[in-house]
C-alpha cells in the first residue's frame, strides 16, 4: 500500500509540474476575487481552496477514466469539491468585518438554506450511486486512484451532515427564543404608558439574558452610523419642553454628548441610548425601528 501511495504522489507531482500554468492562473483568479470583495484570506484558507480547485481540474482531466462505473460517481466527487470551495468562499465573505450587512445576510442565506442542504442531498446521492457501483461494476475506480477514496469521502460527508443538522437545530432554537422574547416585549410595551416604558427600559437593560444581547439589539457597525452631537444653548431653547433624556430622566447639559435617532429624531444621552440599542433595536419613546 505504501508503494502504491508513493507512486500516486509522484504522478501528482509530475502532473503539477506539467500543469503549473493552470495553478498560476487559478491563483490569479482567486487573488482578483479577494481584492474585489475586500476579503482577507489567510494562508490556510487559500491552501484549502487551491487543493480543491486542483482536485476539480484533475478530476475533469481524468473524467473518462470513470466511464466503466455503473453510476457517475465522478459527478458526485465533482459536486462535493465545488460545494466545499463555494462554502469556504461564502464563509470568508460572511466573516469579513469589511463586508456590508446586505452581503452578510445574503451569505448567511446561502450557507444555511442552499449549501448546507446541498451537502445532505449530495451525500444521499453519493451513497446511492456507490451502492449501485459496488453491486454492478465493482472496482470501477481507475487504477491510479486510491480504491477506497469514495467510501472514505462518503463517511466524511456523513459526519459533516450530522454536524450541519445539529448546528441548524441549535440555530432554529436560538432564533425561536429571540423571536418569542421580542414578541413578549412588544406586547408588554403596548400595554404600558410612556413613563412606565422608560422605567421598564432601565430594568430590561440589566435583565436581558446574556446570550441574547448580541442578537436582539444593534451591532457596533449599526451604532456607528447614528450621528452624535454636542448639546448647545440653541438646542436648549429648542428642547424647552422635552430637554431631558427619556431613558435616565435627567436633563441635558451644555456640551454634553447626545444622540439623535435617524428616523424619529428623538434625542438621548449617547451613553444611555447606546446601552439601550445594543439590547433593543426600538426607540425608547415611540417604539419605532431605529
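For each of 113, 103, count neighbouring Cβ atoms within 10 Å of the residue's Cβ, then give the residues from fewest to most. Write down the numbers at each step before the final one.
Values: 113 11, 103 17.
Fewest to most other Cβ atoms nearby, the residues stand as 113, 103.
May I ask you to derive the relative contact order of region 94-185, considering only C-alpha pairs under 8 Å and at least 6 residues apart, and to give it as an integer percent? Numbers along the way, then the final one.
Details: 23 pairs, mean separation 25.7, N = 92.
28 percent.
What distance in nm lies between label points placed 7 Å from Cα along the C-beta direction at residue 155 and residue 253?
Taking the simple label geometry, residue 155 and residue 253 are separated by 7.0 nm.
By the gyration tensor of its Cα atoms, with a ≥ b ≥ c the square roots of the eigenvalues, what is the shape of region 85-191: rounded for a/c under 1.5, prolate for a/b over b/c, or oblate? All intermediate terms of the calculation are to be shown ahead of the outcome.
On the way: a/c = 4.43, a/b = 2.31, b/c = 1.92.
It is prolate, given that a/c is not under 1.5 and a/b is the larger ratio.
We did not get these values from a lab; they are worked out from the coordinates using the rules stated. Since this is a predicted model, take the numbers as computed values, not measurements. Reconstructed Cβ throughout: ideal geometry from the backbone, glycine too, with neighbour counts over all protein chains shown.
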